[in-house]
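The values are calculated or read from the model by the stated rules, or taken from the named source; none is laboratory data. It should be emphasised that the depicted structure is a prediction, and the values quoted were computed from it without experimental measurement. When we count neighbours, we look across all protein chains shown, and the Cβ atoms used for this are built from the backbone with ideal geometry, even at glycine. Side chains are part of the model used for accessible areas, which takes the heavy atoms of the whole protein and leaves out ligands, DNA and RNA. Shrake-Rupley method; radii C 1.70, N 1.55, O 1.52, S 1.80 Å.
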Amino acid sequence: MELLNYDEICASIEPENLSRLAELKIFTEIDSTNSYLLEQAKLGAPSGTACFAEQQTRGRGRLGRAWFSPFGANLYFSMLWRFPETALGVSSLGVALAVMVAQVLHKYGIQSGVQLKWPNDVLIAGRKLAGILLESNEPNSVVIGIGLNLDVSTANEKNWIDLLEVTGRPVQRNFLAGLLINELLAKLPNYAERGLRPYLAEWQMHDVLFNQEVVVHTPVQQIKGWMRGISERGELLLENENGLLQPFCYGEVSVRLDPVLGVRD
Ligand code: BTN
């Protein structure tokens, strides 16, 4: 697999978007690109500070899970973004970002089969291709962490899929990395102004759980119901067994198909 290269990544970022990239670092090894940018945020790093790592020794996923991060195999990316005070909450940002990742895959040549699973998983054939971790340690600033599976063959995890398997060809890592940064730099300013609305139709097109019978897991309870899509704030809308529509925010919540077969995170 090709190693990450600054110039090659920047070659696929449009000039207008490149001007919003405050800094791009490529680490050979780091504990977690998200942890690094959370520290940088505290030190006053500007919006648009970004990094990749070839390997993470303590890559983190949602819900306190570890994120499989071997050397040179996948993309581990984080970007710090600072929003104006009025920007919307984290549920809607996660949804918008999942749609952005789907658009990146489309631009890379994957024309069909991409599925989105609330709050922000990207799947193909019901298996996880990419995950997003949003973290914040300051008001109006968020660290966006994206893990994109390019070759997870060494993991032996049947619930994951990678681009090598999807395309059947060696992955153009730098090109894909550039597309990803380009998409975020193009869309995030607009998101701050217009919120989730421009993303809702595309989310609905790819929403793998829509109208499915699911179980929502929160730290205190498990609630059965039917997935009825998402709200304009990016909340999951569950129709519970009493017919009431209950919204759930991004956070300590996960959702699984009921019975627990097929799509899970
Ligand atoms: C998930 O659980 O689905 C979210 C996974 C997010 C993984 C990425 S890899 C780059 C960034 N750094 C981390 O430690 N985690 C995120």
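Quotient of the Cα radius of gyration of the chain and 2.2 N^0.38 Å, N being its number of residues: 0.96. Rounded, prolate or oblate: pick one for region 1-140, where a ≥ b ≥ c are the square roots of the eigenvalues of its C-alpha gyration tensor, a/c under 1.5 means rounded, and failing that, prolate if a/b is larger than b/c, else oblate. Judged from the Cα gyration tensor, region 1-140 comes out rounded (a/c under 1.5). For region 210-219, backbone phi angles converted through the Karplus equation (6.51, -1.76, 1.60; θ = phi - 60°) give residue-by-residue couplings of 4, 6, 8, 7, 9, 10, 9, 9, 10, x Hz, Gly and Pro being listed as x.
Element breakdown for region 1-47 at a 1.4 angstrom probe: carbon and sulfur atoms account for 49% of the accessible area. Stretched out straight at 0.36 nm per residue, the stretch from A201 to Q221 would grow longer than its current Cα-Cα span by 4.1 nm. Here D31 and A186 are evaluated by their C-beta separation; at R0 = 35 Å the FRET efficiency comes out at 0.75. Beyond 24 Å in Cα-Cα separation lie the following of the pairs K25/K117; K117/K187; K107/K128; K42/K107; K25/K187: K25/K117; K42/K107. Here the accessible area is traced with a 1.4 Å probe on the protein chains. For region 96-136, carbon and sulfur cover 48 percent of it. Remark: spin-label model distance K107-T57 equals 3.4 nm, labels positioned 7 Å along the Cα→Cβ axis.
With a Förster radius of 41 Å applied to the C-beta separation of N211 and S153, the computed FRET efficiency comes to 0.75.
A Förster distance of 30 Å, applied to the separation of the beta-carbon atoms of L18 and N137, puts the FRET efficiency at 0.65. Taking the dipole about the Cα centre of region 122-265, with the C-beta of Lys and Arg at +1 and of Asp and Glu at -1, give me whichever of G168, I181, I144 is farthest to the positive side. Comparing the listed Cα positions along the dipole, G168 ranks first. Sort region 77-158 into rounded, prolate or oblate with this rule: let a ≥ b ≥ c be the square roots of the eigenvalues of the Cα gyration tensor; rounded if a/c is under 1.5, and if a/c is not under 1.5, prolate when a/b is larger than b/c, oblate otherwise. In terms of gyration-tensor shape, prolate. Oblate is the label for region 112-265. Its Cα gyration tensor axes, ordered a ≥ b ≥ c, give a/c of at least 1.5 and b/c at or above a/b.
Distance between the modelled labels on L3 and N240, one decimal in nanometres: 5.5 nm (7 Å Cα→Cβ projection). Among D162, D151, D31, the largest mean-square fluctuation in a Gaussian network model of the chain (Cα springs under 10 Å) belongs to D31. Each peptide in 65-76, 218-229 gets a packing score, the mean of other Cβ atoms within 10 Å over its residues, and the list from highest to lowest is 65-76, 218-229. The Cα-based radius of gyration and maximum Cα-Cα distance (Dmax) for region 182-246 are 14.5, 45 Å.
Averaged over its residues, the chain has an accessible area of 45 Å² per residue, based on protein heavy atoms and a 1.4 Å probe.
Near S12, no amide H atom lies under 5 Å from its own; only residues 5 or more places off or on other chains count, and H is placed 1.01 Å from N. Only helices reaching 18 angstrom along their own axis (Cα) with mean Kyte-Doolittle hydropathy no lower than 0.0 count here, and for the DSSP H runs of the chain these are 90-108, 173-194. Charge dipole of the chain (Cα centre as origin; +1 on each Lys and Arg Cβ, -1 on each Asp and Glu Cβ, all else neutral): 280 debye, rounded to the nearest 20.
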